[in-house]
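Structure, as structure tokens:
The values are calculated or read from the model by the stated rules, or taken from the named source; none is laboratory data. Since we're looking at a predicted model, the values are computed, not measured. We place every Cβ from the backbone using ideal geometry, glycine too, and count neighbours over all the protein chains shown.
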């Protein structure tokens with residue numbers, strides 16, 4: 001059987017030079033960890049700064065008079081609430097209220113939005129969005145190959161990035177962005193991330209990726225014990241899990257509704273018609289039967305993706321994300337369980353390869369950073385009411 | 001390059017074995033710990049448990065993955081490295097020393113002859129890396 005050709009980000013060679021271990025991630029050849037290891041990368045992001053290559057993410061450009069109306073019809077959050085320079089966490093929904101993908105919607109102008117979608121779902125999303133265009137006056141363009149995206153995350157992110165740009169970074173509020181030069185490279189600088197830390201995501205032309213990568217590492221004094229560290233996908237996963245942010249393909253997909261995933265806060269049922277609105281309104285009225293919850297393992301053992309959740313010996317649900325949490329030094333996870341077992345404090349067990357290991361449902365996020373300054377509004381996390 | 005001490009025997013499942021009379025000390029190789037990444041959890045059997053050769057006797061987990069560990073030879077567990085439950089990182093730091101996993105009384109010390117030498121194991125892992 002022929003090995004399918006893996007896609008590469010513009011930083012592929014840089015990762016290999018740094019000794020990263022590369023893996024197939026949804027068809028992309030991506031660094032899972034660098035020689036320092038996942039735990040060190042994770043901790044460095046929590047305490048100083050981590051740099052992530054997320055150029056595999058997809059970017060879909062939406063331009064035209066009906067840009068907002070169109071995006072509002074295919075996504076669940078209310079794009080009409082955005083102002084220029086603001087971003088929003090949202091989802092592409094099916095008629096059943098389940099999730100085609102979760103995404104960020106950036107507003108550049110009333111007639112210009114940018115949708116940032118997950119890497120492995122980009123082709124599916126592009127088809128979905130294109131095929132759902134009706135008579136709206138919009139022009140759609142898949143720009144994924146043109147952009148690189150670097151995420152600089154952690155308490156030192158602002159200080160490091162500020163040395164490379166004249167943009168007043170401290171004035172950019174959480175979930176807002178500005179356009180400007182970073183090390184002379186025209187960029188979109190967005191105060192967003194997927195780690196639970198303060199930080200920025202920088203979008204620029206793909207051919208400038210190595211320059212930005214090298215200069216940010218240099219500015220962050222990579223190599224020093226308190227310097228920035230390049231981080232792989234494994235650390236990105238444990239960081240987002242500690243912050244209880246949903247991962248598409250694990251915690252949310254086309255079989256889970258937004259309400260079940262505690263993403264009711266991005267379902268603006270009152271904004272007007274959108275795909276999935278009726279199903280979600282009905283489910284909201286009837287109440288969900290299962291819910292995504294966070295749990296901590298209370299006995300020896302590590303819960304992993306796809307393991308069964310037991311209550312009194314009966315299989316009631318499944319772990320969607322399970323991992324050691326390097327900063328919290330606990331073994332944690334997210335799982336769907338029936339609502340009657342979804343309350344914090346509920347004792348559950350996880351079937352860890354045939355062994356029933358005790359766990360307890362806890363409020364999420366597991367980790368919440370201490371905010372030094374007002375960084376704005378909502379954080380996209382799976383919240384337990 | 002992974003460290004492969006000359007005086008040990010190796011399995012294709014990446015365990016090492018040191019012969020001490022009729023007892024075998026068993027752990028995972030430097031190559032294996034390096035492939036796994038940070039070890040955060042080690043599950044081992046209890047003394048007295050008996051295993052055939054190439055049977056799973058426990059597991060070792062990194063942040064990202066779970067790997068089963070296999071007996072290179074048959075025998076009865078006489079001692080396990082209890083300290084790994086609190087300090088699993090020893091498997092990364094000193095895989096051939098403080099990171100040892102079990103001591104087994106071998107049923108048939110002749111089984112050791114079927115294992116790889118350090119030279120053969122080095123060839124085996126370099127082929128696997130390619």
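In region A:1-109, which helices (runs of 4 or more DSSP H) lie fully inside it and hold 1 or more residues that are in contact with a helix residue (DSSP H, G or I) (Cβ under 8 Å, 6 or more places away or on another chain), within 14 Å of chain B (Cβ to nearest Cβ) and within 22 Å of residue A:188 (Cα to Cα)? Working first, answer last.
Details: elements: A:12-17, A:38-47, A:67-74.
Counting at least 1 such residues, we get A:38-47.
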Conditions (1) modelled with pLDDT of 95 or more; (2) in contact with a strand residue (DSSP E or B) (Cβ under 6 Å, 6 or more places away or on another chain); (3) part of a loop (DSSP other than H, G, I, E, B); (4) closer than 25 Å to residue A:43 by Cβ -> residue A:328 fails only (2)
Subset of region A:78-107 (residues that are over 18 Å from residue A:174 (Cβ atoms) and surrounded by fewer than 18 Cβ atoms within 10 Å (Cβ to Cβ)): A:80, A:94, A:95, A:96
Would you please name the residue that is nearest to residue A:69 (Cα to Cα), looking only at residues in region A:116-135 that are touching a helix residue (DSSP H, G or I) at 6+ places or on another chain (Cβ under 7 Å) and crowded, with 20+ Cβ neighbours inside 10 Å? A:129
So if I check each of B:73, B:19, B:4, B:25, which one is more than 14 Å from chain A (Cβ to nearest Cβ), out of contact with any helix residue (DSSP H, G or I) (no Cβ under 8 Å at 6 or more places or on another chain) and touching a residue at least 24 places away in the same chain (Cβ under 8 Å)? B:25
Restricted to region B:28-38 and to residues being in contact with a strand residue (DSSP E or B) (Cβ under 8 Å, 6 or more places away or on another chain) and in contact (Cβ under 8 Å) with a residue 60 or more places away in the chain, the residue nearest to the other protein chains (Cβ to nearest Cβ) is B:33
Can you name the number of the only condition in (1) at negative phi; (2) outside the structural domain of residue A:65 (by TED's automatic domain parsing); (3) out of contact with any strand residue (DSSP E or B) (no Cβ under 6 Å at 6 or more places or on another chain) that residue A:151 fails? (3)
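Looking only at region A:282-304, how many residues end up being within 14 Å of chain B (Cβ to nearest Cβ) and either more than 24 Å from the chain's Cα centre (by Cα) or not in a loop (DSSP other than H, G, I, E, B) (or both)? Can you show your working first?
Step one: filter region A:282-304 for residues within 14 Å of chain B (Cβ to nearest Cβ), giving A:297, A:299-304.
Adding the requirement that they be either more than 24 Å from the chain's Cα centre (by Cα) or not in a loop (DSSP other than H, G, I, E, B) (or both) leaves A:297, A:299-301.
Total satisfying the criteria: 4.
If you check residue A:314 against the conditions, is it within 22 Å of residue A:236 (Cβ to Cβ), surrounded by fewer than 20 Cβ atoms within 10 Å (Cβ to Cβ) and away from chain B (no Cβ under 14 Å)?
It is false that residue A:314 is within 22 Å of residue A:236 (Cβ to Cβ), surrounded by fewer than 20 Cβ atoms within 10 Å (Cβ to Cβ) and away from chain B (no Cβ under 14 Å).
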Within region B:66-84, is there a residue that is crowded, with 18+ Cβ neighbours inside 10 Å and at positive phi? yes
Can you confirm whether region A:275-298 contains a residue that is modelled with pLDDT under 95 and within 30 Å of residue B:57 (Cβ to Cβ)? no
Could you please find all residues in region B:47-70 being without any contact (Cβ under 8 Å) to a residue 40 or more places away in the chain and more than 14 Å from chain A (Cβ to nearest Cβ)? B:47, B:48, B:49, B:50, B:52, B:55
Residues of region B:76-94 classified as free of Cβ contacts under 8 Å to residues at least 60 places away in the same chain and either within 15 Å of residue B:30 (Cα to Cα) or at the interface with chain A (Cβ under 10 Å from one of its Cβ atoms) (or both), total: 7
